[in-house]
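The values are calculated or read from the model by the stated rules, or taken from the named source; none is laboratory data. The structure displayed is predicted, hence computed values, not measured ones. Because the Cβ atoms are built from the backbone with ideal geometry, glycine has one as well, and the counts that use them run over all protein chains shown. The protein model used for the area step is the full one, side chains on, heavy atoms only, and it has no ligands, DNA or RNA in it. Shrake-Rupley method; radii C 1.70, N 1.55, O 1.52, S 1.80 Å.
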Amino acid sequence: MNILFILIAFAISAYVAWLIIPRILLISFRKKLFDIPDDRKVHKRAVPRLGGVSFFPTILLSCCSVLVIRTLTGYGISSLPASYVLPEFLILVCGMVLLYLTGIADDLVGVRYRQKFVIQIICASFFPIAGLWVNDLYGLFGIGLLPHWVGIPLTILTVVFITNAINLIDGIDGLASGLSSVSLLVFGFLFLEKGLWIYSMLAFSTIGVLVPFFYYNVFGSAEHARKIFMGDTGSLTLGYILSFLAIKYSQNTEFIPVTQGAFVIAFSTLIVPAFDVVRVVIVRICNSKSPFEPDKNHIHHQFLAMGFTVRQAMLLILLISCVFSGVNILLMPYVDNTLMLVGDILAWMGLNLWWCKVKKKKNK
């Protein structure tokens, strides 16, 4: 029965998004709300960038509708889980509202990155208020349970990091939405396996809103006014939801069955955007540039420089993300946490060295 309600949430999100996105396109063209191309951007025509405006309201509508349907049909939520689920989801909504408004302001008139950074820290600080924070590394680097004075700052740092990683990876059609969908799909099944259907519902309702967006973003034509970007409104929403799900899955509580290496499993779904941000920041610092200064050094820029088309680059990066997630989940019962993470880092470094060689050969 839980699967049925999850599918209903997915269907509601997908249907509502299909209705809303064409309206957003219409408003964007009437009010000339475009993402103007420049030297750093891949697109060549002005494209509306308010697709993410549909994300938060649609997800909220979907989840609330399913909870109402579930309650009216007599299934409800048991009182024990509700005592800790409700504060977590209410605090999630509070943070999403703040990021949603910030994203809209940034997409319409622009917001300085320092201001966005402060707002992200405030939103990240909401999670520990509801008791949601990283409290166990499950033996990673020999570390187990974490005290609150370590876990809470780590949680805030993690939320800000993931939120910005999704925001920064949004550089070509379908990449941010595709990587987020891969991660959300994995989380959906992981939570379903633990019997935590409400978190799985959040994951699948978010996938639902991404399906029509992905269609318009990847297959829509800018010439025919059918193409749209998610903008900061969408990427901030996705990053916040993904960080919420990752931290929840990795948390060690009496209400959740313990999974070996839960911390590494949770964040392995976000390896590509996370590792890419780290690499880009290191390169910028080594080149005596500001870590916040935009450039063309992200993974999608690397693939485009190797000669791949935008769609080929997007598909290959999604494949890499799927491989990392799948291998980590399958091998976790047999491999030490630390060895797994070190292996991921070495594999990522090896891939980047390979890509650099391919680019050099192509430029000769």
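General observations
- Set 281, 258: member being modelled with pLDDT under 90, within 21 Å of the chain's Cα centre (by Cα) and open to solvent by 10 Å² or more (accessible area, probe 1.4 Å): 281
- Single match in 235, 221 (criterion: out of contact with any Ser or Thr (no Cβ under 6 Å at 6 or more places or on another chain), more than 18 Å from residue 171 (Cβ to Cβ) and open to solvent by less than 50 Å² (accessible area, probe 1.4 Å)): 221
- Selection of region 265-323 for residues being among the hydrophobic types (A, V, I, L, M, F, W, C), free of Cβ contacts under 8 Å to residues at least 24 places away in the same chain and in a loop (DSSP other than H, G, I, E, B) yields only 308.
- One residue stands out in region 315-364 among those that are more than 20 Å from residue 169 (Cα to Cα) and of a type in the set (S, T, N, Q): the one that is surrounded by the most Cβ atoms within 10 Å (Cβ to Cβ), namely 328.
- Here is the figure for region 138-156: residues that are open to solvent by 20 Å² or more (accessible area, probe 1.4 Å) and not in a strand (DSSP E or B) total 11.
- Checked against the criterion of being open to solvent by 10 Å² or more (accessible area, probe 1.4 Å) and closer than 20 Å to residue 274 by Cα, the candidates 167, 135 yield just one match: 167.
- When residue 289 is tested against (1) touching a helix residue (DSSP H, G or I) at 6+ places or on another chain (Cβ under 9 Å); (2) crowded, with 16+ Cβ neighbours inside 10 Å, just one condition goes unmet, and that condition is (2).
- Subset tally (residues that are open to solvent by 20 Å² or more (accessible area, probe 1.4 Å), modelled with pLDDT under 90 and in a helix (DSSP H, G or I)) for region 27-66: 4
- All conditions but one from (1) under 13 Å from residue 166 (Cα atoms); (2) modelled with pLDDT of 90 or more; (3) not aromatic (Phe, Trp, Tyr) apply to residue 298; the one that does not is (2).
- Residue satisfying all of: in region 193-215; more than 19 Å from the chain's Cα centre (by Cα) and outside any loop (DSSP other than H, G, I, E, B); surrounded by the fewest Cβ atoms within 10 Å (Cβ to Cβ) among these: 193
- Residue check for residue 341: touching a strand residue (DSSP E or B) at 6+ places or on another chain (Cβ under 9 Å), assigned to a helix (DSSP H, G or I) and aliphatic (A, V, I, L, M): yes
- Residue among 159, 93 that is part of a helix (DSSP H, G or I), open to solvent by less than 50 Å² (accessible area, probe 1.4 Å) and under 30 Å from residue 335 (Cα atoms): 159
- For region 174-190, the criterion of being outside any helix (DSSP H, G or I) and open to solvent by less than 10 Å² (accessible area, probe 1.4 Å) is met by at least one residue.
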